[in-house]
Amino acid sequence: MKELIGSHDLLFVTLDTLRHDVAEELAAAGRTPNLVRALPGGLWERRHSPASFTYAAHQAFFAGFLPTPTTPGQHTRLFAAAFPGSETTGEQTWAFDAPDVVRALAGAGYHTVCVGGVGFFNGKSPLGGVLPALFAEAHWEPEFGVSAPRCFEAQLDRIATVLPTVPEERPLFLFVNVAAIHQPNRHYLSGADRDTRESHAAALEYVDRHIGRLFALATSRDRPCLVLLCSDHGTAYGEEGHSGHRHGHEVVWTVPYGQFVLEPGDWGKPGDWPGAEQ
């Protein structure tokens, strides 16, 4: 990443609450073709989240503690807030003298934009305003939230209006927290009256149908774009008696991760995708 600062836009997407096992199964079954197309080798990387719920995970992410590979050993971090004694900052790490990557990128000339999803990004309370306040520009509407069946499409509509306002000469850091997979997700599975692992999967299929439009938008500024795509934590649907998250079950800590560079034109024009205004 260090060599890309300034020349590349950066898109960081958190698919809130997405379980690794569900993401992996759907990819193998051909049910998420757009994500498979984007991911290196068509595969999700299995990693461990630094936290079991959204707020804590994103505070860690922005400080440079992205989900950690599950293989043993030390793993050099992609970027890191500099602090004495760090053992996972290497030659390829972009280390910065700022408390978080958002303000570090702003200091490097980036325009920073947050398009929130779950309640920790809604700005409706002091707590819900903490993470959005890091950004130069932050957007949230009820239509982006967990109870809106078209929430991801609404976020994409907003992004489509925001990107043309960013000066062409400035690189962009776009952060998107996608709420669709978070409970409640029963509305993505026909006939469902409660949230289940199956409705969780159906929510991911909904996101996959529209993720190509996000990639097309991210590369519409004629700059290459580094993409970080991951979940912040998983969630339980009755495994060993557990429900939800903010606890230490394996399905909560284990998350999917992907990292890749998109070039302009790789995903066509934003208007080519379902839901886009023609």
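The values are calculated or read from the model by the stated rules, or taken from the named source; none is laboratory data. In this text, all values refer to a predicted model and were calculated from it rather than measured experimentally. As a convention, Cβ positions derive from the backbone with ideal geometry for all residues, glycine included, and neighbour counts pool all protein chains shown. The accessibility values were calculated without ligands, DNA or RNA, using every heavy atom of the protein model including side chains. Shrake-Rupley method; radii C 1.70, N 1.55, O 1.52, S 1.80 Å.
Within the bounds of region 239-254, is there any residue that is of a type in the set (S, T, N, Q), farther than 17 Å from L214 by Cβ and not in a helix (DSSP H, G or I)? Don't jump to the end; show me each part of the working.
Going residue by residue through region 239-254, those that are of a type in the set (S, T, N, Q) are 243, 254.
Filter once more, keeping what is farther than 17 Å from L214 by Cβ: 243, 254.
Applying the additional criterion that residues be not in a helix (DSSP H, G or I) yields 243, 254.
Yes - at least one qualifying residue is present in region 239-254.
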Inter-residue pairs, beta-carbon under 7 Å, first under 16 Å from V22 (Cα atoms) and in region 236-254, second of a type in the set (A, V, I, L, M) and in a helix (DSSP H, G or I), 6+ apart: A236/V251; A236/V252; E239/V251; H245/V252
Mind listing whichever residues of region 139-157 are closer than 18 Å to A218 by Cβ and among the aliphatic types (A, V, I, L, M)? A154, L156
Quick one: which of G212, G234 is open to solvent by less than 10 Å² (accessible area, probe 1.4 Å), farther than 25 Å from H48 by Cβ, in contact with a helix residue (DSSP H, G or I) (Cβ under 6 Å, 6 or more places away or on another chain) and not in a strand (DSSP E or B)? G212
Go through (1) within 16 Å of H187 (Cβ to Cβ); (2) within 18 Å of the chain's Cα centre (by Cα) for R197 and report which single condition fails. (2)
Check F65 against each of (1) within 26 Å of D222 (Cβ to Cβ); (2) surrounded by fewer than 19 Cβ atoms within 10 Å (Cβ to Cβ); (3) in contact (Cβ under 8 Å) with a residue 12 or more places away in the chain and name the one condition it does not meet. (1)
Within the set of pairs 6 or more residues apart or between chains, which connect a residue that is within 23 Å of W253 (Cα to Cα) and open to solvent by 40 Å² or more (accessible area, probe 1.4 Å) inside region 69-95 to a residue that is in a strand (DSSP E or B) and acidic (D, E) with Cβ atoms less than 9 Å apart? T70/E45
